[in-house]
Every structure is written in structure tokens, then in C-alpha cells.
Amino acid sequence: MGGVTLSRWTMSYFAAALAALILAEGLMAAGYGYPAAALAAPETLILVHIVAIGWLSLLMCGALFQFVPVLIARPLHDDSLPLPALVCLVTGLVALVLGFLQLAGQGLPDVPVFPLAAGLLGTGFGLTVWDLGRTLWAARPLPLPARFVAMGLFSIAATAIFGIVFALVFGNVTVYPHFIDMAAMGLPIHAIAGLGGWLTFTAMGVSYRLLAMFMLAPELDRVTTRSVLYAGALALALVILGGTAAICFGGDVMGIIGAGGLVGLGALALYGRDVLHLYRARKRRTIELNSRVAAVALANLGATVLMAVVLLALGAFARDIAAPVFLLAFGWLSGLGLGKLYKVVAFLTWLEGYGPVLGKTATPRVQDLVVENRAMKWFALYFLAVWSATAALLLGWPAAFQGACLIMMIATGGIIVQLVRIRTLADVQASLRCPAGVRQPRLLLSRT
């Protein structure tokens, strides 16, 4: 991290994201949305977007504003843009939720919230893509992990464009035939571009760097790593570009998505091989909690792929699609996100608080900011709850699903308490907590 400044608003992104996660888990525990409602019901769409935008996308944006400069050893293009981007994304999500409530007959019928949501979310993601894209553009040729991020930015742009089209159609703003067709047939492309391209592909690229950094493993630039990039990019191009063309010109949309899915499976298999190599080649023999949690999350990704293949073979994928999507969102993406948050918050807090006095006075280590044995219980409870909820979806047990989601919410709350303790230096030995020259980090803002 040498020479790279802290992102002022990253902690604010993390806090907003965690609030959205707790909200989503609480709604699921209360029986809101699927399986109590249909998959396409407005209530389910509210849940999906609170998770996808409020939790996972805000988490990813906050992390990228901090770590894209680390990946390329250059400052962020414009450090004044993350705050308006955050405001637009949060208010846009609120407008989108109100729009879905209108569809359910529970909102204000005369307020054009869908166009408002489209404008706010488009602006928020547009500012994010512009700031991060310009940062990456100035650093060409890009290192390998940064190329994954670049592809992720293309994917979120595509996801946002599809979402804007959907909002304009739902809001009765447009009757353009191609937009109507995109709204009718483009949901799988929208979902794959978001969950597969923006969130999973970007997480893969960032994880290459973070796993190597935190486990003291060599940076990967192998044939398999480049193959993951190329195969993943090809899969996303087939689904997003090919699928869009098929919608507009009457092609076989699902056939193209299937072809992209096969290529994507190959990329995921190679990624798993690379990650195993990182764990085996690490110099840090004792694996820290964040890396153990990442290993469980990666196993959940493999289980998601296996489940999807089995359901396809049995002809039950359409009926049981909620189970693999749930495991992907909460077992893989959320599990990885929570695990890395535990390390990243500690690392950034240590850098902010003790970086200015390193070599001048005695300071704690990063690991002195955390109590892993205490936090490990909450992560274990979280994953047990995720697996139980996934099983309940497969078996059609809605009450068991609600109970598992309640346990997920409790476990998430426990993890959040650990993050707050890290940020407030609550577990640092008193004699080392605040030596001369050290300022207590603020909870939601970083001193740049």
C-alpha cells in the first residue's frame, strides 16, 4: 500500500452495504418475498435489488475505490466522485424499491419513481465507472487483476443499461419495440451481467491480489490465470453482446446464454485451480481467519456450480433456481465479502491510525486489532445458516428458510460488532492503543 492514500468514503460504503444486508436478511426472516411470494413478484424483486445493489454493489464500489489504486500503484482519478456516487446509489435504490411497491399496489401511484430510480442509479454507477475507468485507463498496460476489474466495469455498465430499460418500460415511459423486447426477454442477461460479470468476475480479479497479499503468496500471472480472464471475458461477451443482439434481431437467446455458460464454467474451473495454487504456495503457514472464510466461500461457489449442473441434468433448474442463486449470493459473494471485510477493515484502520507513527514509537500489529477466535464463531454460524437456508429452498420448507435467515441476520450482526470493535480499536492492548501522534479513526470516514 506504499504511497497510496486511503479512500475517504470507503468505510461509508461498507456501512451502507452492511445495513442493506441486515435489512434483506430481516425481510427474508419475516417471510417477505420468495418463497412466500413468486420469484417474479414485486416483493421478491425488492429483496433481490436490496441484496444486489444495496449490499453487494455498494460493498464492491467501496472496495474498488480503495483497491484499484493499489492494483495499479496510481491515485484515484477524482477522489471527489465517490460521495455523490454513494448518494445517488442509495437514493436510487430507495426510489427503485418504491417503484416495486407501486407494482405491488402499495406505493404512491402518481409519482414517477421508476424514471427517478433509473436516473439516480444510472448516475451513481456512471460516476463509479467513469472514476474507476479513468483511473485504469491512465495505468495501461494493466496488471492482470486490474484487467478483471475493467471487465467488471463493462459488466456493471451493461447491467445498469438493462436496468434502466426495465425501469423505463415498467414506468410506462417508453414503448420502443426493442426496449419492450429487452424487458420481456432480457432478465437472464441482466442477472448474469450483474451477478456473473460485475460481482463474481470482479471479485475473482480482486481476490487474486488480496489472497496473494494477505497469505504472502506469489502474484499469479500464469497461463491458467490469463485463460480465466480470456474465457470469462468471452463468456460475458457471448451473454451480454450476443444475447442483446439475439433479442433485437430474433435470435436464440437461451442458446447463446447456454454457450456463454459453458465457457464460463471452464473459466471458473481454472480459477479454482489457481486459488488452490495460491493456498499451497503461500509463505504464511498459519492461515488467518479471512483466508479461511474465503476458502469456504470458494467452496460454496463450487457447490453452486455443481448444484446448477445437477438441476439442469434433472430438468429442475427452472423450478429450483432460487437455491443456487441464494447460495451464489450469500454463500459465495456475501461470504467472501464478509471475510475480506474483516481483514480489510483491520488493515485500513491500522494503516490510518498507526501508519503515520511507524518507526517512531511502538505500535500494534494488524492482527492485534482483531480477536479471531471470537469472530470465527459468528462466521461459522453464518455459513451454517446459509447452508440450512439453501437446503430449505431445495426441500420447499418456507418456515425453515425463515428460521435460517433469522440466524443469518444474528450472525451478520455479530460480525458487524467485530468490525465496529476493530474500527474503534477496542481490542488493542491499552498501552499500545493511542501512543503520541495516533488519532482514533472515525467510524465512517477515513482520514486521507
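Just so you know, all these numbers are worked out from the coordinates, no wet-lab data involved. Keep in mind the model is a prediction, meaning the values are calculated, not measured. For neighbour counting, all protein chains shown are included, and Cβ atoms are generated from backbone atoms with ideal geometry for every residue, glycine included.
From the Cα trace of the range 1-140, what convex hull volume per residue do you get, rounded to a whole Å³?
110 Å³
Only counting other Cβ atoms within 10 Å, I'd like Val386, Val305 sorted with the fewest neighbours first. Before the final figure, lay out the partial values.
On the way: Val386 26, Val305 20.
Placing the least packed residue first, the sequence is Val305, Val386.
Quick one: if the Förster radius is 56 Å, what FRET efficiency do Gln367 and Asp252 give, using the C-beta to C-beta distance and rounding to 0.05?
The pair Gln367/Asp252 has a calculated efficiency of 0.55.
Just to be sure I understand the model, the point goes 7 Å from the Cα along the line to the Cβ. What's the resulting Trp397 to Val357 distance in nm?
5.3 nm
Just how far, in whole angstrom, is the range 211-228 from the range 416-448 if you go by their alpha carbon centroids?
That distance is 32 Å.
So what is the 222 nm mean residue ellipticity for the chain from helices alone, if each DSSP H run of at least 4 adds -39500 (n - 2.57) and you divide by all residues, rounding to the nearest 500 deg cm²/dmol?
Helix contribution divided over all residues of the chain: -22500 deg cm²/dmol.
Compute the FRET efficiency between Thr174 and His277 as 1/(1 + (r/R0)^6), taking r as their Cβ-Cβ distance and R0 = 41 Å, and round to the nearest 0.05. Let's see the in-between values first.
Details: r = 49 Å, r/R0 = 1.20.
FRET efficiency, Thr174 to His277: 0.25.
Using a 10 angstrom cutoff on alpha carbons, build the Gaussian network for the chain and name the most mobile of Ala17, Ala380, Ala183.
Ala380
Starting from the Cα-Cα distance between Arg226 and Ile287, subtract it from 0.36 nm times their residue separation and give me the gain in nm to one decimal.
19.3 nm
Just subtract the alpha-carbon distance of Ala426 and Trp130 from 0.36 nm times their residue separation and send over the number in nm, one decimal.
102.8 nm
Roughly how tilted is helix 113-137, in degrees to the nearest 10 and between 0 and 90, from the longest Cα axis of the chain?
50 degrees
Given the Cα-Cα distance of Lys377 and Met185 and 0.36 nm per residue of separation, how much length would full extension add, in nm?
Values: separation 192, 0.36 × 192 = 69.12 nm, distance 4.32 nm.
Length gained between Lys377 and Met185: 64.8 nm.
For helix 398-423, what angle does its Cα long axis make with the longest principal axis of the chain, in degrees from 0 to 90 and rounded to 10?
30 degrees
Any chance you could check the Cα centroid distance between the range 3-41 and the range 278-311 for me, in angstrom?
Answer, in whole Å: 23.
According to a simple spin-label model (label point 7 Å from Cα along Cα-to-Cβ), what is the distance in nm between Leu445 and Leu314?
Taking the simple label geometry, Leu314 and Leu445 are separated by 5.3 nm.
Suppose R0 equals 35 Å; then what is the FRET efficiency for Met213 and Ile321 from their Cβ-Cβ distance, rounded to the nearest 0.05?
That pair, Met213 with Ile321, gives E of 0.50.
Could you identify which residue out of Asn290, Asn172, Asn300 has the top mean-square fluctuation in a GNM of the chain using Cα springs shorter than 10 Å?
For the chain, modelled as a Gaussian network with Cα springs under 10 Å, the answer is Asn172.
Pick from Val87, Val111, Val165: which is most flexible by mean-square fluctuation in a GNM of the chain where alpha carbon atoms under 10 Å apart are linked?
Val111
Taking 1 over the mean of 1/r across every pair of different Cα atoms in the chain, what Kirkwood radius in Å do you get? All intermediate terms of the calculation are to be shown ahead of the outcome.
On the way: mean 1/r = 0.0445 Å⁻¹.
Its Kirkwood hydrodynamic radius stands at 22.5 Å.
Once the Cα atoms of helix 372-395 and of the chain are each reduced to a long axis, what angle between those two axes, in degrees from 0 to 90 to the nearest 10, is obtained?
10 degrees
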